[in-house]
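K.L.:
Quick one: structure below, then a few questions.
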Amino acid sequence: MFQLDQFPPIFLVILPLLLLLFLTHKILKPSISQSSSYLPKSYPIIGSFFAMKKHRNDPLSWESDVLQSSPSSTFILHLPLGGRQIFTANPQNVEHILKTQFPIYQKGSSFTSVLQDLLGHGIFNVDGQEWKFQRQVASHEFNTKSLRKFVEQVVDSEVTDRLIPILSNAAKKGMVLDLQDILKRFTFDNICKIAFGYDPRYLTPSLPEAPFATAFEEAVEISSQRFRTFLPIMWKVQRFFNIGSERKLKKVVSQVKEFAKRLVKQKKNELDNLNGKSLPESSLDLLSRFLISGHADERFVTDIVISFMLAGRDTTSAALTWFFLLLAKNPNVEDEILKEIKRKKNGGSSKFENSVFDDVRHLVYTHASLCESMRFYPPVPVDTKEAMSDDMLPDGTKVKKGMRVSYHPYAMGRSEKLWGKDWPEFKPERWLERATAAAEGEGEWRFVAMDPYSYPVFQAGPRICLGKDMAFLQMKRVVAGVLSQFKVVPAVEDGFRPVLFPSLTARMRGGFPVRFEERNGTM
């Protein structure tokens, strides 16, 4: 909350607006264009401010409910001062945005300006040639050879040598751990090792408070708050005067960038010490590839490092956090996963029968369970583009140049139109069918992917997530490693209702406290 004596410049800007909001709420009627019962009421000048304020603690559920009520699965939200934003959960619209008219729907200045301080010109905050170049260079890190290296040399050792011992100690002592925090530490170590050749050792028994990690967390949160500000001018005024949360953001972003710069300098020194020799392909990592690509500007590469830290740490840890919550509520699914893991581990063996990479890759039921979990809790619940020109969506919605257009994976995962009347059920089988050919293992489960425009959890079209396969392999290795030795039990009161915190990714508000119970006989 703002204090008058602390923030006089902001107060002078906001006071007239507050008075206008009060008078408008009292004397004006909703605009006719928003008369449909399912739409949030809209007033002249302030738009749907009061509906937005009412649902500010859980905007995703509210937006999802409105989209489910809309015949076209699309609605226009009227913002204060005449702005408008389109929300859609219509697969035809999603395909139009992400593929058919991809050049029209870009990140745009309204999005990139919000994340400029943190992500700069990193791949997730740019369009056009900058995006194409970064994607092309990064794509070399996601081939089969690199994925095998990631699973067998990075993820497997992190699971075996760090994650499992910590959970085992917690189980023996009856300790409660925040699983969301543990998973963030795990994924942060992994992305730093595979992408930058650096081991931060964030997941160790003492669970250290790393200054960088704390700064990164705060930078992500404050940057996310910018998106949730009713009037962007409010955070821009704070930024201009270097006050409030923007003052804090400036400080923590500086810490994040200093950490990233150290990684870049360290990698540059390693490359310089080669004395002109080429680094073997097997030794190249993401950071090395960018540094030898001819674009070695420190600021540019630093932005890339921060972008991949965000993607590698937050999305995967968020997906796994919600997965373990849903699994605790659906013991029948957990039993099926355990049976599959046991088969791959050749009965009672503690190790996989074949290579870790090959066996983890073929955990079909586990894969389907993760997809089903992300249907309910996609790591990025809403994604927004900006229209570069006037357009019309397939459902007839008119789009004006400069409008923000958001497709809504969170709402789409709850759509009866897309998933049927049993959509509320956690049902991995909806992703599976029994193989009929002997070559596929007759009678075995076979995964059946959903149309990516009905399930845009990893985006789709030209900007489809490069790290999709890497994320699934990492998650399946974690699930196999944890569930084969422990039962994960939420340490929450009866009636606990988790809240998806609307940050850049789908975090669980307040963390996820759990206990670990060792299973009788290691699988």
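The values are calculated or read from the model by the stated rules, or taken from the named source; none is laboratory data. Being a predicted model, the structure only gives us computed values, none of them experimental. Cβ atoms come from the backbone with ideal geometry, glycine included; neighbour counts cover every protein chain shown. Just the protein is used for accessible areas: all its heavy atoms, side chains included, with ligands, DNA and RNA removed. Shrake-Rupley method; radii C 1.70, N 1.55, O 1.52, S 1.80 Å.
K.L.:
With Cβ to Cβ distances under 13 Å as the rule, what net charge do the other residues near Asp58 carry (K, R +1; D, E -1)?
P.N.:
+4
K.L.:
Computing the accessible area with a 1.4 Å probe over protein heavy atoms, can you report the carbon and sulfur percentage for the range 120-212?
P.N.:
On the range 120-212, the fraction of accessible area on carbon and sulfur atoms equals 53 percent.
K.L.:
Can you show me the helix-derived [θ] at 222 nm for the chain, built from DSSP H runs with n ≥ 4 at -39,500 (n - 2.57) apiece and divided by the number of residues, rounded to the nearest 500.
P.N.:
-14500 deg cm²/dmol
K.L.:
May I pose another question? Estimate the FRET efficiency between Arg343 and Lys268 by the formula 1/(1 + (r/R0)^6), using the beta-carbon distance for r and 56 Å for R0, to the nearest 0.05.
P.N.:
0.75
K.L.:
Okay, next question. Does a label point 7 Å from the Cα of Lys401, set along Cα-to-beta-carbon, have any residues of the range 62-99 with amide nitrogen under 19 Å, and which are they?
P.N.:
The answer is 83-86.
K.L.:
Return the whole-Å distance between the Cα centroid of the range 35-71 and the Cα centroid of the range 399-471.
P.N.:
Their Cα centres are 27 Å away from one another.
K.L.:
Aspartates and glutamates near Lys277 by alpha-carbon distance under 17 Å, same-chain residues fewer than 8 away left out - which ones?
P.N.:
Here the aspartates and glutamates satisfying the reach criterion relative to Lys277 are Asp285.
K.L.:
Tally Lys/Arg at +1 and Asp/Glu at -1 over every other residue whose Cβ is under 10 Å from the Cβ of Val94; what's the total?
P.N.:
-2
K.L.:
Also, I was wondering about something else. Is the range 147-284 best put as rounded, prolate or oblate by its Cα gyration tensor, with a ≥ b ≥ c the root eigenvalues, rounded for a/c under 1.5, and otherwise prolate when a/b is larger than b/c, oblate when not?
P.N.:
oblate
K.L.:
Something else now. Which is the longest run of the chain containing none of the trypsin sites (Lys or Arg not before Pro) found in DSSP loop states (not H, G, I, E, B) with at most 16 other C-beta atoms within 10 Å?
P.N.:
Result, exposed sites excluded: 57-200.
K.L.:
Give, in nm to one decimal, the length gained when the segment between Thr214 and Arg201 is fully stretched (0.36 nm per residue of separation minus the Cα-Cα distance).
P.N.:
3.2 nm
K.L.:
For the range 366-523, what is the number of Lys pairs with C-alpha distance below 26 angstrom, counting only pairs 8 or more positions apart or on separate chains?
P.N.:
13
K.L.:
Could you work out the relative contact order of the chain? I mean the mean sequence separation of Cα pairs under 8 Å and 6+ apart, divided by the number of residues, in percent.
P.N.:
That works out to 22 percent.
K.L.:
Could you calculate, for the range 251-299, the ratio of the Cα radius of gyration to the Kirkwood radius, expressed as Rg to Rh?
P.N.:
For the range 251-299, the value is 1.03.
K.L.:
Amide H to amide H under 5 Å from Met508: which residues, 5+ apart in sequence or cross-chain, H placed 1.01 Å off N in plane?
P.N.:
For Met508, the qualifying residues are Phe501.
K.L.:
Take the Cα pairs of the range 81-152, get the Kirkwood Rh, then feed it into Stokes-Einstein at 4 °C and 1.567 mPa s and tell me D in µm²/s.
P.N.:
For these conditions, the coefficient is 87 µm²/s.
K.L.:
How big is the range 364-523 by Rg and Dmax over its Cα atoms, in Å?
P.N.:
19.1, 63
K.L.:
Using DSSP to define loop residues, name the chymotrypsin sites (Phe, Trp or Tyr not before Pro) in the range 420-499 whose beta-carbon has at most 15 other beta-carbon atoms within 10 Å.
P.N.:
Those satisfying the criteria are Phe496.
K.L.:
Can you check what the net charge comes to around Gly82, using other residues whose Cβ is under 14 Å from the Cβ of Gly82 (Lys, Arg +1; Asp, Glu -1)?
P.N.:
Neighbour charge sum, excluding Gly82 itself: +3.
K.L.:
Can you sort Phe102, Phe240 by solvent-accessible area, 1.4 Å probe, largest first?
P.N.:
Phe240, Phe102
K.L.:
Over its Cα atoms, what ratio of radius of gyration to 2.2 N^0.38 Å does the range 65-110 give?
P.N.:
Compactness ratio reported: 1.29.
K.L.:
If you find the alpha carbon centre of the range 488-509 and of the range 112-171, how far apart are they in angstrom?
P.N.:
About 24 Å separates the Cα centre of the range 488-509 from the one of the range 112-171.
K.L.:
Another question, then. Given R₀ = 41 Å, what would the calculated FRET efficiency be for Glu152 paired with Ile45, taking r from the Cβ atoms and rounding to 0.05?
P.N.:
0.10
K.L.:
With equal scatterers on the alpha carbons only and no solvent term, can you work out the Debye log10 of I(q)/I(0) for the range 31-97 at 0.16 1/Å?
P.N.:
-0.53
K.L.:
Roughly what would the spin-label model give for Ala491 and Asn242, points 7 Å off Cα along C-beta, in nm?
P.N.:
If labels sit at Ala491 and Asn242, their model points lie 4.3 nm apart.
K.L.:
Multiply the residue separation of Glu425 and Ile464 by 0.36 nm, subtract the distance between their alpha-carbon atoms, and state the gained length in nm to one decimal.
P.N.:
11.3 nm
K.L.:
Volume per residue, Å³, of the convex hull around the alpha-carbon atoms of the range 54-213?
P.N.:
For the range 54-213, the hull spanned by Cα atoms encloses 210 Å³ per residue.
K.L.:
Starting from the Kirkwood Rh over alpha-carbon pairs, what translational D in µm² s⁻¹ does the chain have by Stokes-Einstein at 20 °C and 1.002 mPa s?
P.N.:
D = 87 µm²/s.
K.L.:
Modelled label-to-label distance, Ser283 and Arg84, 7 Å Cα→beta-carbon offset: nm?
P.N.:
In this crude label model, Ser283 to Arg84 measures out at 5.9 nm.
K.L.:
What FRET efficiency comes out for Trp62 versus Gln255 if R0 is 56 angstrom and r is the Cβ-Cβ distance? Round to the nearest 0.05.
P.N.:
That gives a FRET efficiency of 0.95.
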